[in-house]
Amino acid sequence: MREIALKAVIVVVICLTMAFIALPVASLFLKSSPDAVLRSMNDPAVKDALRLSLTTSTLTTLIVILMGTPVAYVNARFSYFGKEVVDSLIDLPVIMPPAVAGIALLMAFGRMGIVGQHLNTLGFSIAFTTLAVIFAQVFVSSPFYIRQARTSFEDVDLSIENAARTLGASRIYAFFHVTLPIAMNGLISGAIMAFARSLGEFGATIMFAGNFQGRTQTMPLAIYTTMQGDLDVALCLALILVAISFLIIALVKTLTRRMYKNVRD
Amino acid sequence: MLEIDVEKKLRDFDLESNIKISKGEILMLVGDNGCGKTTLLNMIAGLTEPDKGTIALDGRPLYDSSIKIDIAPERRRVGYVFQSYALFPTMTVYENVAFGLRTRNLSNREIELQVREHLADAGLWEIRNARAMKISGGQKQRVALARALIIEPDILLLDEPLSSLDIRKQAEMRRELREKLRSYAVPSIMVTHDLRDVACIGDRACLMERGKIVEAGRADDVVSWASVHAEIDGEDIATLTR
C-alpha cells in the first residue's frame, strides 16, 4: 500500500514538473493564430531581428570555435601554472548575471572603457554596434563550447594520439587527423549549445549593444520591444525561437548519443 | 644496437634502467604492474622525457640529456604496439595501416601497394574496409602490428600485445608474433606479465622491480628467476610456464 502511494506521489511530481515546463510553451502555440503568425513573418521587425540573430549567432559560433578549440585542447591535455585560474575564468560568464556581463563589457570596450577609450581615439567604436552584439554573445556563449570541447578531448585516449606520433605524425597532424575526428561529435554538440546561447542572449546585449532595429535588435530584444505594441509579432518571434530550440535539442541529443557510442567503442 | 641508460623520478620510486639490445634481438621485460615497464617504453619512443641519461641507436643519440638532444617521437622510427592497440576508431583497417605512410607523403599508389602487402600478409585484406573498432581482439592485434611494421621501424616496442586476448587466441598469436618479430632484424622490446610469452618469444629477458632491472639473462633462465622471486602478480609460476 505504501509502495503504491509512493509511486503515485512520484507520478504526480513528474506530471506537475512536466506541466510547469510544457504549459508556457504550449500556451505560445495556443495563444497565437496561424494567420497572425504568417502575417507577422513579413513584419520588418521580425525579418530584421531574424536576419541579425542568425548572422551574429553564426559569426559568434565560428569565433568561439576558433578561439575555444585550442584553449579546450590545451586544458584537456596539459598541466601548466595558473590552469585553475584559466578554468575559473572560462566558467565565469555562465555564473555571472547577464546584466553584470553587459556592464563589464561596457567598462572594458565602451567609449570610456579601459580598451574602448583607446579604440575611440583611433575612431573605432564597439559599443552599440552590431560588433557589440557579437562581443556580448561570444562572452556569454564561449563557456558552453569550451567546457564541452574539453570533455570531448579528455575522452580521446592519449595512447591513440601517442600512436599517431610514433607513426610519424607531428602534434598538429595528429590533432587534425586523429584527435579532432574522434572528438568531432562532442565539438559539434558544444558549438550548437553555444549557438543556442547566442541566439537567446538578452541582458548583456541590451546593456552593451543597445536595442536598435536592424543593427543590434536581436530576436529576444525584438520580442521585448514588440510585445509592448503588437503581441502577434512578439508571439511569431517567440515561436521561431521555440522551433529553433527544439531543433537544437534534437541535434544535441543525437550527437551526444553518437559521441558516447564512440567513447564506449 | 639499442643502448638505453636513463633515469626518471616517478611518483613512488626512481626508474633507473641500463639495457643494451642487439639488432634482431627480442628482449622481454617482465614485472609487476606499475613497476615502470610502460614508462620505459614511452621513454624509448620519445613520448615521455627521462630526467637524464641517453638512448642511442647504433651510436646515433635519440635522447641525450648532457647535450640536450631529444628527437621527437615522429622522427624516431619506432614501431609501437600499445597495450590497448590504440587503433584510430574513426578509420577503417586500411586507413589505420596506411596512416604511417600518409604522414610520409607517399603517393596513393605506393601506399596501396604496401598496405595491400601487409594486410594480405596478416590475413586482414578481406576486412580492410571494416571500422577498426568493429573487429575482433585478435584482428585488432594484427592491425596494430601491421600498422607498426609498415613504417619499417628501427626499433619495435610491444606493450603486453597479447594481454587482452583469450587463452586460445594468445597461444596462436604468440606463435605468429614470434615469427613476425624474428623476420624483422631490429631490436625489439616486449612487455609482458606472462612467462609463457617470455619462454616462447624472447631471446633475453629482464625482470623489473620498482624501476630497476633486478635480473637479466637468457629468456630460458626466466623460470629460475621466477622461482627466486616466487610470484609475479600473485600467480603461480608453474602454471604460467606450463
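Give me the Debye-computed log₁₀ of I(q)/I(0) at q = 0.27, 0.31 Å⁻¹ for region A:99-144, equal point scatterers on Cα only, no solvent, two decimals. Reported log10 I(q)/I(0), two decimals: -0.94, -1.11. Extents of region B:6-52, taken as max minus min of Cα coordinates on every principal axis and listed largest first, are 34, 23, 17 Å.
Relative contact order (percent) for region A:93-187, with alpha-carbon contacts under 8 angstrom and 6 or more residues of separation? Don't jump to the answer; show the numbers that get you there.
Values: 64 pairs, mean separation 22.2, N = 95.
Dividing the mean separation by the residue count of region A:93-187 yields 23 percent.
Distances between every pair of Cα atoms in chain A, grouped in 5 Å steps from 0 to the bin holding the largest one, split as 1, 6, 10, 12, 14, 14, 12, 11, 9, 6, 3, 2, 1, 0, 0, 0 percent.
Using Cα pairs closer than 8 Å and at least 6 residues apart in sequence, work out the relative contact order for chain A, in percent. If you can, show how the numbers build up before the last one.
Numbers: 301 pairs, mean separation 76.4, N = 265.
In percent, rounded to a whole number, it is 29.
Note on A:Lys31: lysines with a C-alpha under 23 Å away, same-chain residues under 8 apart excluded, are A:Lys47.
On a 31 Å Cα-Cα criterion, which of the cross-link pairs A:Lys253/B:Lys134; B:Lys52/B:Lys180; B:Lys9/B:Lys134; B:Lys9/B:Lys180; A:Lys83/B:Lys8; B:Lys134/B:Lys180 come out too long? Present the calculation step by step, with values, prior to reporting the outcome.
Values: A:Lys253/B:Lys134 24 Å; B:Lys52/B:Lys180 33 Å; B:Lys9/B:Lys134 39 Å; B:Lys9/B:Lys180 35 Å; A:Lys83/B:Lys8 25 Å; B:Lys134/B:Lys180 24 Å.
Flagged as over cut-off: B:Lys52/B:Lys180; B:Lys9/B:Lys134; B:Lys9/B:Lys180.
Overall dimensions of region B:62-194, expressed as equivalent-ellipsoid semi-axes from the Cα gyration tensor (√(5λ), whole Å, largest first), are 24, 20, 13. Peptide B:72-80 has a mean shielding of 5, counted as Cβ atoms of other protein chains within 10 Å of each residue's Cβ.
Approximating the spin labels as points 7 Å out from Cα along Cα→Cβ, the B:Asp64-to-B:Ser163 distance works out to 3.4 nm.
Roughly what percent of Cα-Cα pairs across region A:1-114 reach past 23 Å?
Working: 4294 of 6441 pairs.
Summing the P(r) tail past 23 Å for region A:1-114 gives 67 percent.
Helical runs assigned H by DSSP (4 residues or longer) give chain A a calculated mean residue ellipticity at 222 nm of -26000 deg cm²/dmol, each run adding -39500 (n - 2.57) before division by the residue total.
Express the relative contact order of chain B as a whole percentage, based on alpha carbon pairs under 8 Å and six or more residues apart in sequence. It would help to have the intermediate numbers written out before the result.
Working: 442 pairs, mean separation 68.0, N = 242.
Reported relative contact order: 28 percent.
Translational D (Stokes-Einstein, µm²/s) of region B:91-133 at 10 °C and 1.306 mPa s when Rh comes from the Kirkwood sum over C-alpha pairs? The calculation lands on 155 µm²/s.
Report Rg(Cα)/(2.2 N^0.38 Å) for region A:187-265, keeping two decimals. Write out the running numbers ahead of the final one.
Details: Rg = 16.1 Å, N = 79, 2.2 N^0.38 = 11.6 Å.
Normalised by 2.2 N^0.38 Å, the Cα Rg of region A:187-265 equals 1.39.
Mind checking A:153-164 for the average number of partner chain beta-carbons within 10 Å of each residue's beta-carbon? Intermediate results must be reported in sequence, preceding the final value.
On the way: counts 0, 0, 0, 1, 4, 2, 10, 8, 3, 9, 17, 7.
Shielding by partners across A:153-164 averages 5.
Rg/Rh for region A:41-191 (Cα atoms only, Rh after Kirkwood) is 1.07. Its Cα gyration tensor gives the protein assembly as shown an equivalent ellipsoid, and the semi-axes of that ellipsoid, as √(5λ) in whole Å with the largest first, are 58, 27, 22.
Taking 1.567 mPa s as the viscosity and 4 °C as the temperature, the Stokes-Einstein diffusion coefficient of region B:1-137 based on its alpha-carbon Kirkwood radius rounds to 75 µm²/s. Just the Cα atoms of chain B, one point each, no solvent: what log10 I(q)/I(0) does Debye give at q = 0.10, 0.15, 0.16 Å⁻¹? The computed values of log10 I(q)/I(0) come out as -0.47, -1.06, -1.18. Of all DSSP beta bridges confined to the protein assembly as shown, the antiparallel ones make up roughly 60%.
Model label points for A:Arg51 and A:Arg77, set 7 angstrom from Cα along the Cα-to-Cβ axis, are 4.2 nm apart. Ranked by the mean number of other Cβ atoms within 10 Å per residue, highest first, peptides A:62-68, A:26-32, A:233-239 order as A:233-239, A:62-68, A:26-32. Along its first, second and third principal axes, ordered by size, region A:134-265 spans 65, 28, 18 Å in Cα coordinates.
Each residue, A:Ala108 and B:Arg116, gets one label point 7 Å from its Cα in the Cβ direction; the gap between the two is 5.8 nm. What FRET efficiency do you get for B:Arg210 and B:Glu172 if R0 is 35 Å and r is their Cβ-Cβ distance, rounded to the nearest 0.05? Computed FRET efficiency for B:Arg210 and B:Glu172: 0.55.
Taking all C-alpha pairs of region B:105-173, those more than 14 Å from each other amount to 64 percent.
The heavy atoms of B:Ile69 offer some 50 square angstrom of accessible surface to a 1.4 angstrom probe. Its residues counted as N, region B:159-201 yields a C-alpha radius of gyration over 2.2 N^0.38 Å of 1.09.
The values are calculated or read from the model by the stated rules, or taken from the named source; none is laboratory data. Only a predicted model underlies this, so the values are computations on that prediction, with no experimental measurement involved. Positions of Cβ are backbone-derived with ideal geometry, glycine not excepted, and every protein chain shown enters the neighbour counts. For accessibility, only protein heavy atoms count, side chains too; no ligands or nucleic acids. Shrake-Rupley method; radii C 1.70, N 1.55, O 1.52, S 1.80 Å.
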